[in-house]
Amino acid sequence: MAFKHPHRYGILAMVRKKDYKHFSKYQKLLKNHVQFFMKKEFFNDIAPQHLSICYFSYPENYPKEYIEKLVPKIRSVIRNNLPLQVKVKGLIGWWELSIGVPALLWNITDLGNFPKLHKEVVKTLAPYIEHFNDPEMDFTPHIGVALCKKEKFKEIKKIVDHSKEDKEQVLIIDRFYIFYPNEPKEVFSHN
């Protein structure tokens with residue numbers, strides 16, 4: 001099943017696949033309380049455990065070919081900011097962030113160099129993209145885990161509360177994609 005994303009271009013950073021292993025303990029606990037887990041099958045070729053570096057335009061403003069010409073500039077900024085990692089400790093519900101979407105996220109305790117990377121990408125692309133002032137393009141780093149069933153809210157909240165006792169984990173970020181609407185394409189991989 002392919003993920004149908006809002007129609008805009010974006011740059012996503014992906015969590016290293018082997019770092020998903022410490023999530024396995026939650027899969028059994030959450031199995032009957034969520035609509036689906038955010039895992040590889042959610043996209044055609046990437047997992048949605050990502051951090052959004054930035055969204056930068058809508059396709060009606062720029063053709064795909066124009067955006068593809070910016071890829072070398074994006075790669076250069078990414079390369080200059082490696083290595084990248086984040087720290088997480090337990091889960092957080094999006095409802096706790098007053099967004100209202102019944103989703104579970106990793107609770108990010110340290111974003112590392114991501115704010116710096118975001119600023120450098122914006123600065124690098126600003127001469128080529130006019131739409132960075134759009135509030136929908138804001139930097140909103142998150143790492144999704146699952147979408148929740150609303151009727152299971154109480155059970156999920158207990159799991160989230162219990163997760164606060166977890167040990168802090170380091171997640172390595174090793175792949176980067178441009179999200180062409182409905183079609184993510186890898187632009188950089190650091191192995």
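Restricting attention to the range 34-71 and to residues that are charged (D, E, K, R), at pLDDT 80 or above and assigned to a loop (DSSP other than H, G, I, E, B), the residue that is surrounded by the most Cβ atoms within 10 Å (Cβ to Cβ) turns out to be K69. Under the condition of being more than 11 Å from N32 (Cβ to Cβ) and among the hydrophobic types (A, V, I, L, M, F, W, C), the residues counted in the range 149-158 number 1.
The values are calculated or read from the model by the stated rules, or taken from the named source; none is laboratory data. It should be emphasised that the depicted structure is a prediction, and the values quoted were computed from it without experimental measurement. Reconstructed Cβ throughout: ideal geometry from the backbone, glycine too, with neighbour counts over all protein chains shown.
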